[in-house]
1. Condition first: modelled with pLDDT under 80 and over 15 Å from Val105 (Cβ atoms). Now tell me which residues in region 137-148 satisfy that.
2. Please verify whether Glu181 is open to solvent by 30 Å² or more (accessible area, probe 1.4 Å), among the acidic types (Asp, Glu) and over 22 Å from Ser30 (Cα atoms), treating the condition exactly as stated.
3. Can you name every residue in region 184-196 that is open to solvent by less than 60 Å² (accessible area, probe 1.4 Å) and modelled with pLDDT of 90 or more?
4. Out of region 17-63, which residues are in contact with a Gly (Cβ under 8 Å, 6 or more places away or on another chain), β-branched (Val, Ile, Thr) and open to solvent by 10 Å² or more (accessible area, probe 1.4 Å)?
5. Restricting attention to helices (runs of 4 or more DSSP H) lying wholly within region 233-286, give those where 1 or more residues are closer than 15 Å to Phe114 by Cβ and among the small types (Gly, Ala, Ser).
Amino acid sequence: MSASLPAPRPISSALAGGIALVCLSSLFFSTAGLFTKGVPEDAWTIVFWRGLAAASFTFGYLLTTGRWRREVANFGWPALFVTLLGASGSAAFINSFKLTSVANVALIYATVPFMAAGLAWVCLRERPTRRTLIASLATLGGVLIIVAGSIGGISLEGDLLALWMTVTLAGSMVVYRRWPETPAGLPSAFSSIVLLPVALLVAAPLDADPENLPALVGFGLVFAVASITLMAGARLLPSAETALLSALETPVAPLLAFLFLDEIPPVETFMGGGLILAAILWAQWPRRASPAVRA
């Protein structure tokens, strides 16, 4: 009798598709800091034009792909809940960038695996795998390293807004895991529309510099694609794993801010971001089955 060599556990097409969608979404979301800090407009003006563009692109996507009727038919109270979560999270997200650094927003966002895992455990009785838990602890270690380098330069208000954005995103992931038939496009579009009258009340978005409008419209397109791909991927993966993959934004966003905005975070940000990236890659490395005994 001899032991066979360990063989990689196959990954289903649905799982692979979910991983690809969430990773793509993370890369798109990582550009948010560039758009928000690179455009010389106030936060609510950016919320207005980005939201208007994102909603328009999303509605166009649903109509041209024939998904409109299915999304309307499946729009129940879970979709309404996701809409409200998305609206409050989106407003907090944009305002947080104006009050704190891109690196701080990204590192706070990295706590979403713990929030999603905790919510799923409490609400869905969904226990995360040991690998996911270990990787989540590693991301926590990366966050602690980044925080150590940011002490003394953090805007509390901006960090709290980033924290609330993280909570709303984790909640949305759990909703999609529990009710996978919940549409992704309409809640994303409606969450943007809900904020339009608010922006008109607290700011003057119609007075925005016309030269900034192309960037704001582009931001809306990127946001629409990122939101749809994230929620579509969340249907196919456990909540904690979706959140963990979403943490790819954590090391990428500060790097983009460094390259394009000359925002230079301390070296601890890069060290912590590297640890987070390594944890995410390890968590998704092909699993190997236990050795089997053969005659």
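1. Within region 137-148, Thr139, Leu140, Leu144, Ala148 qualify.
2. Answer is yes for this residue.
3. The answer is Leu186, Pro187, Ala189, Ser191, Ser192, Leu195, Leu196.
4. Scanning region 17-63 gives a single hit, Ile19.
5. On the way: elements: 239-246, 249-261, 267-283.
Passing ranges, in order: 239-246, 267-283.
The values are calculated or read from the model by the stated rules, or taken from the named source; none is laboratory data. Owing to the predicted nature of the structure, the values given are computational and were not obtained by experimental measurement. For neighbour counting, all protein chains shown are included, and Cβ atoms are generated from backbone atoms with ideal geometry for every residue, glycine included. SASA here: full protein model, heavy atoms, side chains in, ligands and nucleic acids out. Shrake-Rupley method; radii C 1.70, N 1.55, O 1.52, S 1.80 Å.
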